[in-house]
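Trainee: Sharing a structure here in structure tokens format.
The values are calculated or read from the model by the stated rules, or taken from the named source; none is laboratory data. Quick caveat: nothing in here was measured; it's all calculated off a predicted structure. Cβ placement follows ideal geometry from the backbone for every residue including glycine, while neighbour counts extend to all protein chains displayed. Remember, those area values only see protein heavy atoms, side chains included, never the ligands or the DNA or RNA. Shrake-Rupley method; radii C 1.70, N 1.55, O 1.52, S 1.80 Å.
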Amino acid sequence: MNRQPTIIPRDQHPISRKQISTSALRVLYRLHEEGFAAFLVGGAVRDALAGITPKDFDIATDATPEQVRGLFRNCRLIGRRFRLAHVVFGREIIEVATFRGQTDDGTGDRQVHQDGRVIRDNVYGSIEEDAVRRDFTANALYYNIADFSVHDYVGGFQDVLDRRLRLIGDPEGRYREDPVRMLRAVRLAAKLHFEISPETAAPIPALAGLLNQAAPARLFDECLKLFLSGHAVRSFEGLERMGLLPVMLPDTAKALKSNSNGSLRAMLLRGLAQTDDRVQRGDSVSPAFLFALLLWPAWCRTKAQLEAGGMHSAEAQQRAADKVTLQQVHLIAIPRRFSLPMQEIWLLQSRFSQRKKVGRLVTHPRFRAAYDFFKLRADTTAQHAEDAAFWAAHAPAVDAVPGSGPVAHETVDEDRPRTRKRRRRSGTVG
């Protein structure tokens, strides 16, 4: 391969070292001083060019992971599928990747499944090969610490200026290599306010089912990036538009389709908009509340089906919660520390129309999350107007309860690590 880059000199681009973290600069300069190529690459370069403050700083180099570890005492090597070096500075981690090669060198370090998915890839190559191996042109821009220029091998610089998201290479083949790229396309377009190019978007609806091959735990992580990063509404609309929603949230997609008056979709989008507002303000957000929102249409539809079959309402609520959760976790691995509070939020909703034992309800550990969820429902339909007025009248008493307050999205007790109490051994001497 002899792909010549377009080199954009420092005076023709807006990227400044002031936008790069001190830790990333230390790694870049050390690699450069030791004679290695040192480039800031990917999202940090893309975001800086797009006028967004970079947050993650990844580095590409011709140094092998072992050579990087030899330069930094605070370095650890991770990954089997992709071997990477992590240089640790307190809570900040700078990821350093060696340029990836494009062809198999016969060592067995590149393995591709028969369906096209890359299983292992630790074949190293040149920066030119590394560039065409990346997913989107906007992510294949290299900021050279040697002279502060930007190197562009695939037309990404102009794509960022045009706010266009374009996949490198044959789109269908790239999606088959890694189906999660379809979600990344939606997420990056939502985050950056980019348009997905027609050739990049075209194969997605037909290939959406490939997401079932992705690891459920990985899809959970992708969901958090889609919906808890400040662009949840645009991400949701992108999933709908690209035909990905029926694969990611099949029961919710069915429920929204059958909801003729559109009230469920209106509530869901309102809740996602409020989540975006919380992220923009820097407030905490919780996956438990998020999935309660995303799966609420599915729970309502399932509960109605069970009740239509003659099941008592109380039992139908619990059965619907269990059924929806079980069906969803096969696709997206929602941890129990989030799925259980999610179910509690649903099951507490009927208590707001009973108006009994108010004092007992407000002391429930999930009351505030459930109350905020109820207010969201009341804001999108007049059906709950009287109940909303009743609870609004009791709001001063609610806020006076110890531990209450606007914590519907907080992750305080969901995210705290659980520790086991150590048993005392019998027969030991204190």
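Trainee: With free of Cβ contacts under 8 Å to residues at least 24 places away in the same chain and more than 15 Å from Leu249 (Cα to Cα) as the only criterion, which of Gly282, Gly271 stands out?
Mentor: Numbers: Gly271 fails: free of Cβ contacts under 8 Å to residues at least 24 places away in the same chain.
It is Gly282.
Trainee: For Ser149, state whether it is among the small types (Gly, Ala, Ser), touching a residue at least 60 places away in the same chain (Cβ under 8 Å) and within 30 Å of Ala38 (Cα to Cα). Before the answer, list the steps.
Mentor: Details: among the small types (Gly, Ala, Ser): yes; touching a residue at least 60 places away in the same chain (Cβ under 8 Å): yes; within 30 Å of Ala38 (Cα to Cα): yes.
Against the criterion (among the small types (Gly, Ala, Ser), touching a residue at least 60 places away in the same chain (Cβ under 8 Å) and within 30 Å of Ala38 (Cα to Cα)), Ser149 qualifies.
Trainee: Now for a different question. Taking the stretch 235-252, which residues are in a helix (DSSP H, G or I) and touching a Pro at 6+ places or on another chain (Cβ under 7 Å)?
Mentor: Hit for the stretch 235-252 is Thr252, nothing else.
Trainee: Quick test of your reading of the structure: Arg10 fulfils all but one of (1) in contact (Cβ under 8 Å) with a residue 24 or more places away in the chain; (2) on the phi > 0 side of the Ramachandran plot. Name the failing condition by number.
Mentor: Condition not satisfied by Arg10: (2).
Trainee: I would also like to ask the following. In the stretch 136-167, which residues are open to solvent by less than 20 Å² (accessible area, probe 1.4 Å) and acidic (Asp, Glu)?
Mentor: Passing the criteria: Asp152, Asp159.
Trainee: Residue check: is Ser229 touching a Ser or Thr at 6+ places or on another chain (Cβ under 7 Å), of a type in the set (Gly, Ala, Ser) and open to solvent by 10 Å² or more (accessible area, probe 1.4 Å)?
Mentor: no
Trainee: If the requirement is being of a type in the set (Ser, Thr, Tyr), assigned to a helix (DSSP H, G or I) and farther than 16 Å from Asp379 by Cβ, which of these qualifies: Thr325, Thr275?
Mentor: It is Thr325.
Trainee: May I pose another question? Among the residues of the stretch 133-181, count how many are part of a helix (DSSP H, G or I), among the hydroxyl-bearing types (Ser, Thr, Tyr) and over 13 Å from Phe194 (Cα atoms).
Mentor: Result for the stretch 133-181: 1.
Trainee: While we're looking at this one, here's another question. Has the stretch 364-381 got at least one residue that is open to solvent by 70 Å² or more (accessible area, probe 1.4 Å) and modelled with pLDDT under 75? Give the derivation first.
Mentor: Within the stretch 364-381, the subset open to solvent by 70 Å² or more (accessible area, probe 1.4 Å) is 365, 375, 379.
Within this subset, residues satisfying the condition of being modelled with pLDDT under 75 are none.
Checking the stretch 364-381: not a single residue is open to solvent by 70 Å² or more (accessible area, probe 1.4 Å) and modelled with pLDDT under 75.
Trainee: Please list, ordered by residue number, the strands (runs of 3 or more DSSP E) wholly in the stretch 60-128 having 1 or more residues that are modelled with pLDDT of 95 or more and open to solvent by less than 80 Å² (accessible area, probe 1.4 Å).
Mentor: Where strands (runs of 3 or more DSSP E) fall fully within the stretch 60-128 and carry at least 1 residues being modelled with pLDDT of 95 or more and open to solvent by less than 80 Å² (accessible area, probe 1.4 Å), they are 75-78, 84-89, 92-98.
Trainee: Okay, moving on. Inspect all residues belonging to the stretch 186-201 and state whether any of them is in contact with a helix residue (DSSP H, G or I) (Cβ under 6 Å, 6 or more places away or on another chain), buried (at least 18 other Cβ atoms within 10 Å of the Cβ) and assigned to a loop (DSSP other than H, G, I, E, B).
Mentor: no
Trainee: Of the residues that sit in the stretch 9-40 and are of a type in the set (Phe, Trp, Tyr) and more than 28 Å from the chain's Cα centre (by Cα), which one is least open to solvent (accessible area, probe 1.4 Å)?
Mentor: That would be Phe36.
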